[in-house]
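Peer 1: The following block contains the structure, expressed as structure tokens.
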Amino acid sequence: MTASPRTVAVGGELPYQIHIGPGLLSDASLLGAAIRGRHVLLASDDTVAPLYLARVRDALQAARPELKIGQYVIPAGEASKTLDNFAGAIAALAALGATRDACVLALGGGVVGDLAGFAAACWMRGVDCVQLPTTLLAMVDSSVGGKTAVDIPQGKNLVGAFHPPRAVIADTAALRSLPVRELRAGLAEVIKYGAIRDPLFFQWLQAERAALLAGDDAALAQAIARSCEHKAEIVERDPLEKGERALLNLGHTFGHAIETAQGYGAPGNDNLNHGEAVAVGMVLAARLSAALGMADAADTDTLRELLLAYGLPVRIPAGLEPEGLLAHMRLDKKNIAGRLRLVLWRGIGKAEVVADVDETAVLAVLRQG
Ligand code: NAD
Ligand code: GLY
């Protein structure tokens, strides 16, 4: 396996390409080709911007000297995915004089991608967004599929829009500066694809753990491409999550409740980040599935062991009340008519959406921690 550039196509009404390979953030022609108009807002966070913003801006300006490029940089971390910072991005577009053919470049992890994507969805009722993911999690999940959002104190991603990107450009060399904790968080979402629909990929992840955790370029490129193929296949059939796209949320209802209850992660606090919360959530969903007689408890153990082997948490952090977590779960976007609707599974590779889940059974799982 080599780490040569790859492309994954996302079909549907608004098709686009996901470009995956080392050095792409300096690829002037690739970046330039993604821009239609004259105005570009380069959005990032204050960890990623010092590392990568200048190279993107310089490459873009070299390719397209006529471009007017503004920038908007937020503090790093989930706590920045707010309506206030959304308003800041909108103000930056206004200051730039951005017209309908403008483009927002989202350079960073899922926080920047979701927030900048939402600003692009709203400015003048929608301008282009090109996702430049720099975390593994963003490369395998958040940059693809057009979900954009901000968090509010009442819950994660509760304010947002579907707004597919015009392109996704994933520079795998950017992963070299990613802290190992964030690499592991991304691997939780990679494991999710195996857990919900691909037992062979799950086995590959069991076998390639050492290479992936060591940041091996070829193994990571393979994991990213396979994950993007899975996500592309689902979102092109169900872009607005009317059906099977919900399966991508295995563990997320539990995970989002944990993130909301903790008040969201930020550099310098010990709160779980999104990928870690999803890891815990997947184990809780698997345990609930076993308790409801849908799945074999041995599969829960296999999933739990793989997550542990990747250094991910598998238990609810201390101090979070089960009743409080359940209250947050009631505000999940998948719920209908006030009843819990969860992604559960029938074992490795087989997930399904279950409506009207009994809250007593959920509470029992939450109480076990
Ligand atoms: P993040 O954006 O907070 O990035 C994690 C940390 O890594 C940040 O501190 C960031 O500054 C730093 N970082 C990013 N790239 C770096 C690099 N190359 N080198 C060094 N440091 C780097 O978090 P995330 O895990 O990327 O994304 C999580 C967010 O994505 C959550 O808000 C979640 O809700 C969202 N999400 C959205 C979707 C979707 O479909 N839209 C899917 C999954 C997750
Ligand atoms: N991360 C879930 C989705 O994109 O649908």
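Peer 1: If you average the C-alpha positions of the range 159-181 and of the range 287-312 separately, how far apart do those two centres end up, in angstrom?
Peer 2: Here the answer is 28 Å between Cα centres.
Peer 1: Top mean-square fluctuation among 313, 133, 153, Gaussian network model of the chain, C-alpha springs under 10 Å?
Peer 2: Answer for the Gaussian network model of the chain: 153.
Peer 1: Lys and Arg at +1, Asp and Glu at -1: add these up for the other residues within a Cβ distance under 13 Å of residue 146 and post the number.
Peer 2: After counting each charged neighbour, the total is -3.
Peer 1: Between residue 76 and residues 5 or more places away or on another chain, which pairs have amide H atoms under 5 Å apart, with H built 1.01 Å from N, and which residues are they?
Peer 2: The answer is 46, 47.
Peer 1: Okay, next question. Can you tell which of 343, 283, 353 shows the greatest fluctuation in a Gaussian network model of the chain with Cα springs below 10 Å?
Peer 2: Of 343, 283, 353, the Gaussian network model singles out 353 as fluctuating most.
Peer 1: Would you work out the relative contact order for the chain, in percent, from Cα pairs under 8 angstrom that are 6 or more residues apart?
Peer 2: Reported relative contact order: 16 percent.
Peer 1: Per DSSP H run of at least 4 residues, take -39500 (n - 2.57); add these up for the chain, divide by its residues and hand me the 222 nm value, nearest 500 deg cm²/dmol.
Peer 2: So the helix-based figure for the chain works out to -13000 deg cm²/dmol.
Peer 1: Can I ask one more? Percent relative contact order of the range 204-305, based on C-alpha pairs within less than 8 angstrom and at least six residues apart?
Peer 2: Dividing the mean separation by the residue count of the range 204-305 yields 18 percent.
Peer 1: With each label point set 7 Å from Cα along the Cα-Cβ vector, what nm distance links residue 46 and residue 94?
Peer 2: 2.3
Peer 1: A further question follows. Residue by residue, what Karplus-based ³J(HN,Hα) values in Hz, rounded to whole numbers, does the range 26-36 have, using 6.51, -1.76 and 1.60 with θ = phi - 60° and x for Gly and Pro?
Peer 2: Once θ is set to phi - 60°, the couplings for the range 26-36 become 10, 7, 4, 6, 5, 5, x, 5, 7, 9, 9 Hz.
Peer 1: Please list, ordered by chain and number, the residues whose modelled amide H lies under 5 Å from the amide H of residue 161; skip anything fewer than 5 residues away on the same chain.
Peer 2: 148, 149
Peer 1: Could you tell me which of rounded, prolate or oblate describes the range 129-232, using a ≥ b ≥ c as the square roots of the eigenvalues of the alpha-carbon gyration tensor, with rounded for a/c under 1.5 and, failing that, prolate when a/b is larger than b/c and oblate otherwise?
Peer 2: prolate
Peer 1: Using the Cα centre of the range 53-96 as origin and beta-carbon charges of +1 (Lys, Arg) and -1 (Asp, Glu), tell me which of 77, 67, 87 is placed farthest towards the positive end of the dipole.
Peer 2: Value: 67.
Peer 1: Of the residues 14, 25, 212, which exhibits the maximal mean-square fluctuation in a Gaussian network model of the chain defined by a 10 Å Cα contact cut-off?
Peer 2: Looking only at 14, 25, 212, the largest GNM fluctuation is found for 14.
Peer 1: A further question on this structure: Tell me, how many Å apart are the Cα centres for the range 16-57 and for the range 189-237?
Peer 2: For the range 16-57 versus the range 189-237, the Cα centre distance is 24 Å.
Peer 1: Based on the alpha-carbon gyration tensor of the range 4-117 and its eigenvalue square roots a ≥ b ≥ c, which shape applies: rounded if a/c is under 1.5, prolate if not and a/b is larger than b/c, or oblate?
Peer 2: Rounded shape, in that the Cα axes give a/c under 1.5.
Peer 1: For a 30 Å ceiling on Cα separation, which of these pairs sit above it: 81/334; 68/242; 231/333; 81/192?
Peer 2: Pairs exceeding the cut-off: 68/242.
Peer 1: Then there's this: If amide hydrogens are placed 1.01 Å from N in the peptide plane, which non-local residues have theirs closer than 5 Å to the one on residue 352?
Peer 2: Amide H neighbours of residue 352, under 5 Å, 5+ apart: 344, 345, 346.
Peer 1: What FRET efficiency do you get for residue 36 and residue 330 if R0 is 41 Å and r is their Cβ-Cβ distance, rounded to the nearest 0.05?
Peer 2: After rounding, the FRET efficiency stands at 0.45.
Peer 1: Over the range 238-369, what relative contact order in percent results from Cα pairs under 8 Å that are six or more residues apart?
Peer 2: Relative contact order here is 27 percent.
Here, each number is a calculation from the coordinates, and none is a lab measurement. Everything quoted here is computed from the prediction, not taken from an experiment. With ideal geometry, Cβ positions are generated from the backbone for all residues, glycine too; neighbour counts draw on all protein chains shown.
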